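Engineer: Provided herewith is a single structure, encoded as structure tokens, for subsequent inquiry.
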Amino acid sequence: MSSRLDGSVGALVDAVQSGAASALDVATESIARIRASDSGTAGDAPLNAFVSVDDDVQSAVAASSGGSAARALAGVPIALKDNIATLRLRTTCGSRILEDHVSPFEATVVGKLRAAGATIIGKTTLDEFAMGSSTEHSAFGPARNPHDRDRVPGGSSGGSAAAVAAGICQVALGSETGGSVRQPAAFCGIVGVKPSYGRISRYGLVAFASSLDNIGVFGRAVDDAARVFDVVSGPDAEHDATSAAVEPETVQQEPGRLDGVVLGLPAEYFPDSLDPAVRDRVMRASVAARARGAEIRQVSLPHTALAVPAYYVIAPAEASANLSRYDGVRFGRRVKEASARDPLRAMYEATRSEGFGPEVTRRILLGTYVLSAGYYDAYYRRAMAVRDRIRADFASVFASGVHALLTPTTPTPAFKFGAISDPYEMYMTDVFTVTANLAELPAMSVPTGRISGLPVGAQIIAPRFAERAMFRVAYALEAELGGEAHTG
Amino acid sequence: MTGTGAVTERYELVIGLEVHVQLSTRTKLFCRCSTAFGAAPNAHTCPVCLGMPGALPVPNPEAVLLATRAALALGCEVQERSVFARKNYFYPDLPKGYQISQFELPLALRGRVTLASGASVGITRIHMEEDAGKSVHDKVPGKTAIDLNRAGVPLAEIVSEPDLRSGADAVAYLKWLRESLVFAGVSECSMEEGSLRVDANVSARLRGETAFRTRTEIKNLNSFAFAERAIALEFKRHCAMHDRGEPVVQQTMLYDQANDEVRPARSKEESHDYRYFPDPDLPPIDLTAAFIAAVRASMPESPTARRMRYTNTLGVPAPDADALTTDRALAEYFEAVVRAGADGRTAANWTLGEVQARRNEHPGAAVPVPAANLAALIALVAAGTVSNTAGKQVFATMWREGGVPKAIAERDGLIQVGDADALARWVDEVFAAHPDELARLKAGERKLVGVLVGQVMKRSGGKADPKKVNQMISERAGLG
């Protein structure tokens, strides 16, 4: 059968609603594609985009409320990053410490997806506890980039991005704390959306750094992502105290012109050191926006250089506390250590030493250090002050009449496995994405061309809760760029 | 010159108290689990209070309201912005590996109370926090069992300044605290159920010294009496060490009531760095001035203010005023009786006597006698219509069966007889039956009046008005 999976979400939903396609058939095909992507039959290394797959397709479809009902995502197969709690599949966070963990409750977004008729096909590969930019820190092996399997898909939501880019599903959920949706979207040549902080409930998202964490959406096209975004966003006061109370406007809309829209190009995101090819592809988006009627303006966000250092204080600090609950007492892995002197302490140490990988361990230590007596003021308090400056930078640019910003999503296209071994160098790859997390702004990456066959993404950053305006720009860019978005 | 007098007389005791009270909410601080005491282990738990991956805390507004009431009841300044913070440490009964508390910005600051002794005690701060669970070491042989029913139960911690100088003042402060919080409906303050817990910071210094010396913290103080005892023991220990020139080590002590001793807590004393930081899952608590004003307006009169009103304007003797204000329900009943027309002193007598006695027999039960009926009974006694003794009988009947006092007194034949003819008949009879006593009385042996009055009362079946009988006997015996 010609695959519904290769078309748009809108077309698939129409087909399921009209009875021309069945949710079960589509989900079955989606799962078959997962198997094929891991089979190595085409001479490729396994994609390894998934940690768990729901093999009981019938039950998976039944768990959503009726594939044929007139629902927004009727029959749409969707993959979830494996740090989003589900009842039917385990939630490992890519960690040995949660290898067999099945959550006793499901995330708010999962309930919303099922109510909208989507079928959850599986849980995707990620860097352990979402800490990383390549999925190389997954305890269950990294996912690969469908465009070049010797390269990383990006991270930490690399499995979700790879699944969408490989055509396994049209949409997926990821999460991001410093760019973990936008960066893999850019590396895999798809659309990746980070909401305003508070726009999508975090209930059921296993915490990395609570003040920066967001659930995000991947789509092969802008409209695919928009349809999922509209389903999963909205208030959740009952379960998430940081959830925004205001009902969001729908982001799904017809592509149109950008007359009257002012797009800012922040100088700090186009440094002299930026790869000219990356600059060139991002300028394609700028040209496309102008062609649609937007005004392009040079702007400045002077504290941008401080964002990565501040981020790598705040995020580990929060993580060090968030990960304390993995102590072997109530759930997850417990490693018993025979020790007459202090069996409790020995159990803690053995469980956490064996359960956590090196990057998670590094960040827990870093976070513990920056919160310690005598260092708190020098690190954590200062980082929070920097965060305020970064917020203020954006506020002043948006107050000056700029509606959204246009930047590169990443400084480079996808790199090869093992290419970046120095943690600091790896952290610097987040330079263009961490700012939106620190400032709680919505941001998204859209494809804007390729370099030697590898996708490049352009990032749109908008004022808080201005997701509809952000999507308006994304729709227009996608329509204007057409095939150029996916060619060198 | 040294050596005169007890060691403890040369030293001054310095005490600061940290009191945890459980806020009387129906559900926990950050989830909807019940706070009911005494359920099966771990019956009241959910993903949030178990610290399951992905669960998030959502504050209980009722807890914030009660903590605000606590702050106002203790005369503290409620802060318009306070912030929940994480206190990080590992312990098996602490599910998340951190306790959600408040640190840099607590809910309330700066309170002060003057105790009956004249001591003025500052309250440093009041903050909200969640309780931890319970480790049970004697349930499963060789293992520790964990009960997380208490995990997430809302507490207010009330920290005093080191202003207390005696165990007696410490107890007076604790009593004031408990009374104020129970009155304000904030907490049950039951030490037995753990809804009031006390830790005491104790140090000793030479009288006249201005700096504080090293303190120790005594935990596990299960009653006010034990608290006073443990403080006394610890003070003595500090004094002796200072005298011997030994340094006091800052550590946590436990009071062992079975052996009546204070000893270091068994757990090894790691110096904890709790790494407090604002909890990113919880936005700041912003209370508007209007909210705080509304809570203030809804506060009941404090026991102290009430006590003053009772003594100054209702004429209630101080000990009675103290007794009435230990119990809000009792105080309110008393006031209703006064409002219904009884005078303060008599209403206090009845409330603390007959009413209280029966409430003690039926703890927790509401008083079935309407305040107006007690006031009417008091009026009957005052008018001499029924005797005091008969009045108690009428009250007992009202408590048991209901009804209004006059009707009961009439039905049961308890109306006093004050009619002169009827009284004269009984007096004549008694004089006839006791000629000797009458003769001695006439000869000036005045104490026999009482004996003869007693005989008249007996003959009348208790109905004669004793005052009038007394008067008549005195007159007829020629005593004027």
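The values are calculated or read from the model by the stated rules, or taken from the named source; none is laboratory data. Bear in mind that the values here come from a model prediction, so they are computed numbers and not experimental data. When we count neighbours, we look across all protein chains shown, and the Cβ atoms used for this are built from the backbone with ideal geometry, even at glycine.
Engineer: Which of the residues belonging to region B:398-414 are hydrophobic (A, V, I, L, M, F, W, C) and farther than 17 Å from B:ALA375 by Cα?
Structural biologist: Residue satisfying the conditions is B:LEU414 alone.
Engineer: Would you check which residues across region A:152-165 are outside any helix (DSSP H, G or I) and either within 13 Å of the chain's Cα centre (by Cα) or surrounded by fewer than 24 Cβ atoms within 10 Å (Cβ to Cβ) (or both) and list them?
Structural biologist: Listed by number, the residues that qualify are A:PRO153, A:GLY154, A:GLY155, A:SER156, A:SER157.
Engineer: Separate question: Name the single residue that is surrounded by the fewest Cβ atoms within 10 Å (Cβ to Cβ) among those in region A:338-392 being in a helix (DSSP H, G or I), more than 12 Å from every other protein chain (Cβ to nearest Cβ) and polar (S, T, N, Q).
Structural biologist: Looking at the filtered set, the residue picked out is A:SER353.
Engineer: Further, regarding this structure: Could you grab me the full set of residues in region A:443-471 that are more than 18 Å from A:VAL282 (Cβ to Cβ) and surrounded by fewer than 24 Cβ atoms within 10 Å (Cβ to Cβ)?
Structural biologist: A:PRO463, A:ARG464, A:PHE465, A:ALA466, A:ARG468, A:ALA469, listed by residue number.
Engineer: Here is a further query. Looking at region B:178-205 only, could you name the residues that are more than 29 Å from B:GLU12 (Cβ to Cβ) and assigned to a loop (DSSP other than H, G, I, E, B)?
Structural biologist: Passing the criteria: B:ALA184, B:GLY185, B:VAL186, B:SER187, B:GLU188, B:CYS189, B:SER190, B:GLU192, B:GLU193, B:GLY194, B:SER195.
Rundown of residues vs (1) aliphatic (A, V, I, L, M); (2) modelled with pLDDT of 95 or more; (3) out of contact with any strand residue (DSSP E or B) (no Cβ under 7 Å at 6 or more places or on another chain); (4) crowded, with 23+ Cβ neighbours inside 10 Å, yes/no style:
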residue	(1), (2), (3), (4)
B:TYR98	no, yes, no, yes
B:VAL113	yes, no, no, no
B:ILE123	yes, yes, no, yes
B:GLU130	no, yes, no, yes
B:HIS137	no, no, yes, no
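Engineer: Follow-up. Among the candidates B:ARG307, B:ARG358, single out the residue that is more than 29 Å from B:ALA464 (Cα to Cα), assigned to a helix (DSSP H, G or I) and either among the charged types (D, E, K, R) or at pLDDT 90 or above (or both).
Structural biologist: Every option except B:ARG307 fails the conditions.
Engineer: While we're here: Given the structure, is B:LYS139 assigned to a helix (DSSP H, G or I) and not hydrophobic (A, V, I, L, M, F, W, C)?
Structural biologist: For B:LYS139, the condition - assigned to a helix (DSSP H, G or I) and not hydrophobic (A, V, I, L, M, F, W, C) - is not met.
Engineer: Filter region A:229-265 down to the residues that are within 15 Å of B:PRO283 (Cβ to Cβ) and either more than 14 Å from chain B (Cβ to nearest Cβ) or among the β-branched types (Val, Ile, Thr) (or both), then identify the one that is surrounded by the fewest Cβ atoms within 10 Å (Cβ to Cβ).
Structural biologist: A:VAL246
Engineer: Somewhere in region B:45-60, is a residue among the β-branched types (Val, Ile, Thr), away from every other protein chain (no Cβ under 14 Å) and in contact with a Gly (Cβ under 9 Å, 6 or more places away or on another chain)?
Structural biologist: There is no residue in region B:45-60 that is among the β-branched types (Val, Ile, Thr), away from every other protein chain (no Cβ under 14 Å) and in contact with a Gly (Cβ under 9 Å, 6 or more places away or on another chain).
Engineer: Out of the residues in region B:386-398 meeting the condition of being buried (at least 18 other Cβ atoms within 10 Å of the Cβ) and in contact (Cβ under 8 Å) with a residue 24 or more places away in the chain, tell me which one is nearest to B:LEU352 (Cα to Cα).
Structural biologist: Top of the filtered list is B:PHE395.
Engineer: Looking at (1) within 14 Å of chain A (Cβ to nearest Cβ); (2) surrounded by 12 or more Cβ atoms within 10 Å (Cβ to Cβ); (3) modelled with pLDDT under 90, find the lone condition where B:SER267 falls short.
Structural biologist: Answer for B:SER267: the failing condition is (2).
Engineer: Pull up region A:281-292, narrow it to residues that are in contact (Cβ under 8 Å) with a residue 24 or more places away in the chain and not β-branched (Val, Ile, Thr), then point me to the one that is surrounded by the fewest Cβ atoms within 10 Å (Cβ to Cβ).
Structural biologist: Filtering first and then ranking leaves A:ALA291.
Engineer: Being touching a helix residue (DSSP H, G or I) at 6+ places or on another chain (Cβ under 9 Å), on the phi > 0 side of the Ramachandran plot and not assigned by TED's automatic domain parsing to the domain that holds B:LEU107 narrows it down to one residue among B:GLY353, B:GLY344, B:GLY364, B:GLY315; which is it?
Structural biologist: After ruling out the rest, the residue left standing is B:GLY315.
Engineer: A further question on this structure: Anything in region B:206-224 that is part of a strand (DSSP E or B), surrounded by 18 or more Cβ atoms within 10 Å (Cβ to Cβ) and over 27 Å from the mean Cα position of the chain (by Cα)? List them, or say none.
Structural biologist: B:THR216
Engineer: Show the residue pairs that are 6+ apart or on different chains and have beta-carbon atoms under 6 Å apart, the first residue being within region A:78-90 and closer than 20 Å to A:GLY132 by Cα, the second being surrounded by fewer than 22 Cβ atoms within 10 Å (Cβ to Cβ) and hydrophobic (A, V, I, L, M, F, W, C).
Structural biologist: none
Engineer: Within region B:69-89, count every residue that is farther than 16 Å from B:LEU29 by Cα, within 14 Å of another protein chain (Cβ to nearest Cβ) and part of a loop (DSSP other than H, G, I, E, B).
Structural biologist: 1
Engineer: If you check B:ARG296, B:ARG307, B:ARG275, which single one turns out to be surrounded by 18 or more Cβ atoms within 10 Å (Cβ to Cβ), more than 14 Å from chain A (Cβ to nearest Cβ) and not small (Gly, Ala, Ser)?
Structural biologist: None of the others qualify; the one that does is B:ARG307.
Engineer: Would you please name the residue that is surrounded by the fewest Cβ atoms within 10 Å (Cβ to Cβ), looking only at residues in region A:319-337 that are at pLDDT 95 or above, within 7 Å of another protein chain (Cβ to nearest Cβ) and touching a strand residue (DSSP E or B) at 6+ places or on another chain (Cβ under 8 Å)?
Structural biologist: This residue is A:SER324.
Engineer: How many residues are within 30 Å of A:VAL206 (Cβ to Cβ) and surrounded by fewer than 19 Cβ atoms within 10 Å (Cβ to Cβ) when one looks only at region B:57-80?
Structural biologist: The total comes to 3.
Engineer: Name every residue in region A:166-196 that is within 14 Å of chain B (Cβ to nearest Cβ) and either in contact with a strand residue (DSSP E or B) (Cβ under 6 Å, 6 or more places away or on another chain) or in a strand (DSSP E or B) (or both), in order of residue number.
Structural biologist: A:LEU173, A:SER175
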